[in-house]
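Novice: One structure, pasted below without further comment.
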Amino acid sequence: MLMWSIFALLITVMLVIDLGLNRRSRTISFKESLIWSAVWIGLALAFNAGVWYMMGSGKAMEFLTGYVIEKALSVDNLFVFIMIFAAFGIRGHHQARILKWGIIGALVMRGIFIFAGIELLERFQWLFYVFGGILILTAFKTAFGGQGESDPGKSIVVRLAGRFLPVTKKIRGDWFITRRRGMWLASPLLLALLMVEVSDLVFALDSIPAIFAVTLDPFIVFSSNVFAIMGLRALYFLLANVMGMFIYLKYGISFILAFVGVKMLATVSGFHVPAPLSLSIIAATLLVAVLASVTIGRQTRAAALKNA
């Protein structure tokens, strides 16, 4: 109960600070996003140290493993955000506003999914096989299923929203919904926000089962998810202009999904993979994927320039 109270107080304070500093739409600079990314990562590591002190090394290792998994999977979500913003013509200063409300919605949805999922897994252990299979299938689709080039502007969510509210063609101001001449009108900002929420809903179906392979402790699962999500906006603006460089990152993410899927199947079958080993494999996979992207990508660009 003490750790829950500390966690709730810390997140509440940081939400108030974050929302207070970003009440108006504005473009977040690379320097600011770098600072905020460092702040959120530092807070997560400091909190992990508190978990170690209060709950022991085992729980601390579970938190850190879960946090790294969620952080890695959230990067894949950022690619979808870029596509959504491009489809609706959302610029940097409006992107920050959408991500702010999108993250608040994600926190609520993740909480519901996590506590419902834990309850179901504790009652029906055969669901471990279902979730493990979903993760392995998602890993295959991530690696070999293409980039998902569908137009967000033509999705069923956007079409349904258009039936209930007329949507303006241009973005005027920061509002999502407004009333003019007796009519309620929606801005393209609202459609982009809806797509961001739907995107996180879909990714939650992958990422939450992934951390269930590490632990079913509600506190560890929820807190590691929250810390990963809270840093998502800063991470977006930090990586938005350079994510095209990480061409092999999707293969690293797919391997992580496959690994935790197999780990989940192995655990329910009686074979336990130690948390330190899991964390080492996940961290090494991310490192190899990033280094391969940077090294091979640089060589490819140099060869292209030479042949130009």
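Where a number appears in this text, it was derived from the coordinates with a stated rule and is not lab data. Please read all numbers here as calculations on a predicted model, not as lab measurements. Cβ atoms come from the backbone with ideal geometry, glycine included; neighbour counts cover every protein chain shown.
Novice: Take the alpha carbon gyration tensor of region 28-127, find the square roots of its eigenvalues, order them as a ≥ b ≥ c, and report rounded if a/c is under 1.5; if not, report prolate when a/b exceeds b/c, else oblate.
Specialist: Oblate, since a/c reaches 1.5 and b/c is not below a/b.
Novice: Helix 127-144 sits at what angle to the longest principal axis of the chain, using alpha carbons and giving 0 to 90 degrees rounded to 10?
Specialist: Once rounded, one gets 60 degrees.
Novice: Among 225-238, 91-104, 56-69, 173-186, what's the highest-first ranking by average C-beta atoms within 10 angstrom per residue? Each step should come with its number before you reach the end.
Specialist: On the way: 225-238: 23.2, 91-104: 18.9, 56-69: 21.6, 173-186: 11.5.
Put in order of decreasing packing, that is 225-238, 56-69, 91-104, 173-186.
Novice: Take the alpha carbon gyration tensor of region 98-144, find the square roots of its eigenvalues, order them as a ≥ b ≥ c, and report rounded if a/c is under 1.5; if not, report prolate when a/b exceeds b/c, else oblate. Numbers along the way, then the final one.
Specialist: On the way: a/c = 6.69, a/b = 1.23, b/c = 5.43.
It is oblate, given that a/c is not under 1.5 and a/b is not larger than b/c.
Novice: What FRET efficiency comes out for the pair residue 283/residue 43, r = Cβ-Cβ distance, R0 = 25 Å, nearest 0.05? Please report the intermediate quantities before stating the final value.
Specialist: Details: r = 19 Å, r/R0 = 0.78.
Step by step, r from the Cβ atoms, then E = 0.80.
Novice: Greater than 23 Å separation of Cα atoms is the criterion. Which listed pairs, 31/141; 100/250; 71/169; 71/141, meet it?
Specialist: Numbers: 31/141 35 Å; 100/250 25 Å; 71/169 35 Å; 71/141 19 Å.
The pairs that break the limit, which is 23 Å between Cα atoms, are 31/141; 100/250; 71/169.
Novice: On to the next question. Expressed as a rounded percentage, what relative contact order does the chain have, with Cα pairs under 8 Å and six or more residues apart?
Specialist: 31
Novice: Moving on. Between residue 104 and residue 1, what's the calculated FRET efficiency when r is the beta-carbon distance and R0 is 22 Å? Round to 0.05.
Specialist: Values: r = 25 Å, r/R0 = 1.14.
Approximately 0.30, to the nearest 0.05.
Novice: Calculated from DSSP H runs of 4 or more alone, at -39500 (n - 2.57) each and per residue, what is the 222 nm mean residue ellipticity of the chain, nearest 500? Each step should come with its number before you reach the end.
Specialist: Values: 11 runs with 236 residues, N = 308.
Rounded to the nearest 500, the figure is -26500 deg cm²/dmol.
Novice: Is there a quick way to get the dipole size of the chain? I mean about its Cα centre, with the Cβ of Lys and Arg at +1 and of Asp and Glu at -1; what is the value in debye to the nearest 20? Each step should come with its number before you reach the end.
Specialist: Values: 27 positive and 14 negative charges, 313 e Å.
Around 1500 debye, computed over the chain.
Novice: Grab the Cα-Cα distance for residue 143 and residue 169, subtract it from 0.36 nm times how many residues apart they are, and report the gain in nm with one decimal.
Specialist: On the way: separation 26, 0.36 × 26 = 9.36 nm, distance 3.59 nm.
Answer, rounded to one decimal: 5.8 nm.
Novice: Could you pull out the chymotrypsin sites (Phe, Trp or Tyr not before Pro) across region 254-287 that fall in loop regions by DSSP (anything but H, G, I, E, B) with no more than 12 other Cβ atoms inside 10 Å?
Specialist: 271
Novice: Could you identify which residue out of 108, 198, 80 has the top mean-square fluctuation in a GNM of the chain using Cα springs shorter than 10 Å?
Specialist: The residue that fluctuates most here is 108.
Novice: In nm, what is the difference between 0.36 nm times the number of residues separating residue 177 and residue 9 and their Cα-Cα distance? Numbers along the way, then the final one.
Specialist: On the way: separation 168, 0.36 × 168 = 60.48 nm, distance 3.20 nm.
Extra length available between residue 177 and residue 9 comes to 57.3 nm.
Novice: Which shape class, rounded, prolate or oblate, goes with region 187-254 when its Cα gyration tensor gives a ≥ b ≥ c as root eigenvalues, a/c under 1.5 marks rounded, and past that a/b bigger than b/c marks prolate? Kindly include the intermediate steps, with their values, before the conclusion.
Specialist: Working: a/c = 1.86, a/b = 1.28, b/c = 1.45.
Oblate, since a/c reaches 1.5 and b/c is not below a/b.
Novice: For residue 267 paired with residue 156, estimate the spin-label separation in nm (one decimal), with each label point 7 Å from Cα along the Cα-to-Cβ line.
Specialist: Placing both labels 7 Å along Cα→Cβ, they lie 3.2 nm apart.
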